[in-house]
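S.K.: For reference, the structure I am asking about is given below.
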Amino acid sequence: MKRLISILSLLVIALSATAAPVKTGFADVDISPDIGMERPGGYGKAFHQKFHDPCKARAVVFDDGEKAVAMVSLDALIIMEQQVAEVRKRVAGKTDLLPEAILIGASHSHSSGPTGMILPGQVDHASELVQDLAYEQSSMADPVYLERMVTGITEAIVEAWESRTELALGFGSGEEADISFNRRWRMKNGLTFTHPRYGNPDMIKEAGPIDPEVGVIGAWDHEGKLIGCVVNFACHATASPPGISANWPWGLEKVIDGAFGEDTVVVFLNGNSGDVTQVDNSSPYRRVGGESDALRVGGSVGAEAVKVLVGINPLARSNEYTVDHKQAFLDIPRRKPSPERLAKCKEMVQEKPTEAKAINDWIWAKEIVILDALIAKEPIRKVEVQTIQIGPAVFITNPAEYFCEFGLQQKEASKFPFTWPVSLANGCVGYVPTTEALSKSGGGYETRLTSYSNLVPEAGDQIRDKGIDLANSMTPDKPTDGEPVPEFTAGWRYGDVPPELE
């Protein structure tokens, strides 16, 4: 019996020693919208008039032989839960990937295709007035484009799945602290304002942090060529080039491709940037926007990513890593407008005003009326939190424009060597500020009650804690910096001499 146990033990050891290595695949698919389609990102309608660079779905698949995951960076403002579910369903029918093992993160490009803010049919249950406010007066997703996007994401994941091969993976982290800024400021009146603008004498200090970390996973073939990489950084994608564009991730890709080749696939996953942008409200100099701004931000992050990639010791690259995934759902109520405010807003939206200040007030009244209709249909939001492990790294998702502070807290509490939050992933519940931001000393754009941003104040804490719990239920792999040096025998004989003066 003891001999049988010994044989079984040796067999287990042998099987462990010959465990299947991680196979990795990359792919990207063009999902650019058409000229004339809506340009999302505001509370009214705007339309694309020109083209700058393609919007893409960029996918990577990691498969360790037991579990497989897919991560998608989507050049889009947002992706809603319905489209995520459809992608997962289609991919499950064409690969062995489980639906819960698929992460889809929107980059939050404000120069991308019409994926929101209102979905077709979302308020069909409401009155004609509400339907007009939502469908005709608000930013709305295009059903033709939604199908193009879902098809493109599916194709990218399937292509990445089918291209899996043994690539050597390397992990690293850099820092870029000069191109992102917290846009919320403490003011002399005791409140917090968003973008108080340059030269405002009432500004005291930034109301929140930034996260300067540039997280990177590189994947190299046996010849040492970089096939693709994953990059994580937290900054709003509002450095918009003129026209349809991936926004500043265009500059990120441009720099990485310039260093490693145009066929390198760059999967960018935006960190927690709900209150972080490229705009420095304290700068004494006028900001230059557009293409220059997008290249400044993306190029800076890309340069740091290149620095990390070239700094990863080739002897530290490996494909012997654990791949894992976890998923949980939270039921989080919406905030409700008071009956008095709702009645006033319903009265205000009966006619659309023409004067600028009145239009601004009308927009927020419109949002309250639409929110009331959404609450009648869905008073509680189902919020997905997901963790994806690749060896020593864990990605923690949230479906929100999530405040940066939460990501720093998750990093502090995580036991993983590399912890990288991913915002606007697997759905969208709008802005999720801190409880302090929704307190009497808070305020600002992100705290406005709208159809887009309306979860209860404690939502952020709940999402943060669930992400930490999921991450810490996993076991991280130990990272390596390379092969240890051999035991010392002798120094370099050319160099072990005293000075020679003659």
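The values are calculated or read from the model by the stated rules, or taken from the named source; none is laboratory data. Here the structure is a predicted model, which means the values were calculated and not measured. Here the Cβ is made from the backbone with ideal geometry for all residues, glycine too, and neighbour counts use every protein chain on show.
S.K.: Would you pick out the residues in the stretch 28-37 that are over 23 Å from residue 159 (Cβ atoms) and either crowded, with 22+ Cβ neighbours inside 10 Å or touching a Gly at 6+ places or on another chain (Cβ under 7 Å) (or both)?
M.R.: 37
S.K.: So, one more: Condition check: within 29 Å of residue 81 (Cα to Cα), modelled with pLDDT of 95 or more and surrounded by 13 or more Cβ atoms within 10 Å (Cβ to Cβ). Does residue 341 satisfy that?
M.R.: Details: within 29 Å of residue 81 (Cα to Cα): no; modelled with pLDDT of 95 or more: yes; surrounded by 13 or more Cβ atoms within 10 Å (Cβ to Cβ): yes.
So residue 341 fails the test.
Per-residue answers, yes or no, for (1) crowded, with 24+ Cβ neighbours inside 10 Å; (2) within 24 Å of the chain's Cα centre (by Cα):
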position	(1), (2)
165	no, no
191	no, no
207	yes, yes
214	yes, yes
238	no, yes
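S.K.: Just one of (1) modelled with pLDDT of 95 or more; (2) closer than 30 Å to residue 391 by Cβ; (3) surrounded by fewer than 21 Cβ atoms within 10 Å (Cβ to Cβ); (4) β-branched (Val, Ile, Thr) trips up residue 432, so point out which.
M.R.: All conditions are met except number (3).
S.K.: Could you tell me which residue of the stretch 344-379 is farthest from residue 458 (Cα to Cα), considering only residues that are modelled with pLDDT under 95 and of a type in the set (Val, Ile, Thr)?
M.R.: 354
S.K.: List the pairs whose first member sits in the stretch 129-140 and is surrounded by fewer than 21 Cβ atoms within 10 Å (Cβ to Cβ), whose second member is part of a helix (DSSP H, G or I), and whose Cβ atoms are under 9 Å apart, counting only residues at least 6 apart or on separate chains?
M.R.: Qualifying pairs under 9 Å: 129/346; 129/369; 131/373; 137/363; 137/366; 140/134.
S.K.: Taking the criterion of being closer than 17 Å to residue 228 by Cβ, in contact with a Lys or Arg (Cβ under 9 Å, 6 or more places away or on another chain) and among the polar types (S, T, N, Q), would at least one residue in the stretch 64-80 satisfy it?
M.R.: Within the stretch 64-80, one or more residues are closer than 17 Å to residue 228 by Cβ, in contact with a Lys or Arg (Cβ under 9 Å, 6 or more places away or on another chain) and among the polar types (S, T, N, Q).
S.K.: Could you list, in sequence order, the residues of the stretch 314-336 that are of a type in the set (S, T, N, Q) and modelled with pLDDT of 95 or more?
M.R.: Initial filter on the stretch 314-336 (of a type in the set (S, T, N, Q)): 318-319, 322, 327.
If the condition is that a residue be of a type in the set (S, T, N, Q) and modelled with pLDDT of 95 or more, then 322, 327 are the ones that fit.
S.K.: Can you spot a residue in the stretch 324-347 that is of a type in the set (A, V, I, L, M), in contact with a Phe, Trp or Tyr (Cβ under 6 Å, 6 or more places away or on another chain) and in contact (Cβ under 8 Å) with a residue 12 or more places away in the chain?
M.R.: no
S.K.: Okay, moving on. Quick one: which residue in 288, 306 is among the hydrophobic types (A, V, I, L, M, F, W, C) and either touching a residue at least 40 places away in the same chain (Cβ under 8 Å) or not assigned by TED's automatic domain parsing to the domain that holds residue 166 (or both)?
M.R.: Numbers: 288 fails: either touching a residue at least 40 places away in the same chain (Cβ under 8 Å) or not assigned by TED's automatic domain parsing to the domain that holds residue 166 (or both).
Only one candidate qualifies: 306.
S.K.: Still on this structure, please answer the following. Only one of (1) closer than 29 Å to residue 473 by Cα; (2) buried (at least 21 other Cβ atoms within 10 Å of the Cβ) is not met by residue 320, so which one is it?
M.R.: With respect to (1) closer than 29 Å to residue 473 by Cα; (2) buried (at least 21 other Cβ atoms within 10 Å of the Cβ), residue 320 is out only on (2).
S.K.: Moving on. Among (1) buried (at least 18 other Cβ atoms within 10 Å of the Cβ); (2) among the hydrophobic types (A, V, I, L, M, F, W, C); (3) more than 30 Å from residue 475 (Cα to Cα); (4) out of contact with any Ser or Thr (no Cβ under 6 Å at 6 or more places or on another chain), there is one condition residue 370 misses while meeting the rest; what is its number?
M.R.: All conditions are met except number (4).
S.K.: Determine whether the stretch 396-404 contains at least one residue that is surrounded by fewer than 24 Cβ atoms within 10 Å (Cβ to Cβ) and among the charged types (D, E, K, R).
M.R.: no
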